[in-house]
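The values are calculated or read from the model by the stated rules, or taken from the named source; none is laboratory data. What you see is a predicted model; the values in this text were computed from it and never measured. Every residue, glycine among them, receives a Cβ derived from its backbone with ideal geometry; neighbour counts consider all protein chains shown.
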Amino acid sequence: MTSAFESPPVLVLMGATGSGKSTIAGLLSARLGWALVEGDDLHPQANIAKMAAGHPLTDDDRWPWLRLVREWIDGQVAAGRPGIITCSALKRAYRDVLRDPHVVFVHLAGSREVLAGRLAARHGHFMPAQLLDSQLADLEPLGSDELAIVVDIESRSPAELAATIEDELALV
C-alpha cells in the first residue's frame with residue numbers, strides 16, 4: 001500500500017479503553033499489509049496487574065511503557081516501513097514522547113456511554129470497565145501541531161471506520 005505521505009507513516013491508534021483500537025488496528029493491518037503491534041503487549045507485567053486490580057496507572061508507570069512504544073516506532077521508521085501500533089496516548093505529554101514527522105495519531109473518539117457499553121460486552125481483557133472514567137479524565141484533546149485525525153466511532157462498523165481512516169489519510 002502507498003499513501004500521500006513522503007515517507008512511510010506509523011499510525012498510533014489512540015483513545016480510551018473500549019474505543020476499538022485493537023479491532024480497527026487489526027483491520028487496517030490486514031487491509032494495508034502493514035506491521036501491527038498491540039501496545040498493551042509492551043506493558044510490563046506490573047502495569048497489567050495494577051490495571052487488572054482496578055487501579056489506574058500513574059505517569060511514572062507509563063513512562064517505561066511509552067519508551068517501548070517509541071522504540072517500536074523508531075524501528076519501523078529506521079527500516080522505512082509503515083506500521084500500526086495501539087496506544088491510549090491519552091495525555092499530550094505521552095504523545096510528545098511518540099510524536100515525530102512519521103507518526104500520525106488516529107484518535108478513536110466516542111461518548112462515555114458508547115465506551116461503557118462496549119466495555120460491558122467485552123470479556124477476557126485485563127482492563128476493567130471501572131477504569132474508563134480515569135481514562136476519560138486523563139484524555140487531553142489533540143493539538144493543532146499534532147499530525148492527527150479524530151474518527152467518531154459512534155454508529156459505524158469497524159470496517160467502515162477502517163475505510164474512513166484509509167480515505168482520510170489517503171492510504172491507497
Can you tell me which residues in the stretch 93-142 are assigned to a helix (DSSP H, G or I), modelled with pLDDT of 95 or more and either surrounded by fewer than 14 Cβ atoms within 10 Å (Cβ to Cβ) or among the β-branched types (Val, Ile, Thr) (or both)? ALA93, ASP96, VAL97
Taking the stretch 158-172 on its own, how many of its residues are in contact (Cβ under 8 Å) with a residue 24 or more places away in the chain, under 17 Å from the mean Cα position of the chain (by Cα) and either part of a helix (DSSP H, G or I) or surrounded by fewer than 14 Cβ atoms within 10 Å (Cβ to Cβ) (or both)? 6
What residue, among those in the stretch 37-78 that are closer than 27 Å to LEU27 by Cβ and among the basic types (Lys, Arg), is modelled with the lowest pLDDT? ARG62
Take the conditions over 12 Å from the mean Cα position of the chain (by Cα), at pLDDT 95 or above and under 23 Å from SER134 (Cβ atoms) and apply them to ARG81. Does it pass? no
Test set (1) closer than 12 Å to LEU13 by Cα; (2) touching a Leu at 6+ places or on another chain (Cβ under 7 Å); (3) free of Cβ contacts under 8 Å to residues at least 60 places away in the same chain - THR86 fails condition number: (3)
Residue in the stretch 149-159 that is among the charged types (D, E, K, R), more than 27 Å from ALA46 (Cα to Cα) and modelled with pLDDT under 95 present: yes
Please specify each residue of the stretch 42-51 satisfying the condition of being in a helix (DSSP H, G or I) and out of contact with any strand residue (DSSP E or B) (no Cβ under 9 Å at 6 or more places or on another chain). GLN45, ALA46, ASN47, ILE48, ALA49, LYS50, MET51
Of all residues in the stretch 16-39, how many are without any contact (Cβ under 8 Å) to a residue 60 or more places away in the chain and either part of a strand (DSSP E or B) or over 18 Å from GLU168 (Cβ atoms) (or both)? 8
Close pairs (9 angstrom Cβ cut-off, 6 or more residues apart or separate chains): at positive phi in the stretch 45-63, of a type in the set (A, V, I, L, M, F, W, C) anywhere: GLY54/LEU131
Sole miss for TRP63 among (1) part of a helix (DSSP H, G or I); (2) buried (at least 21 other Cβ atoms within 10 Å of the Cβ) is condition (2)
Flag if ALA25 is touching a Leu at 6+ places or on another chain (Cβ under 9 Å) and closer than 29 Å to ALA163 by Cα: yes
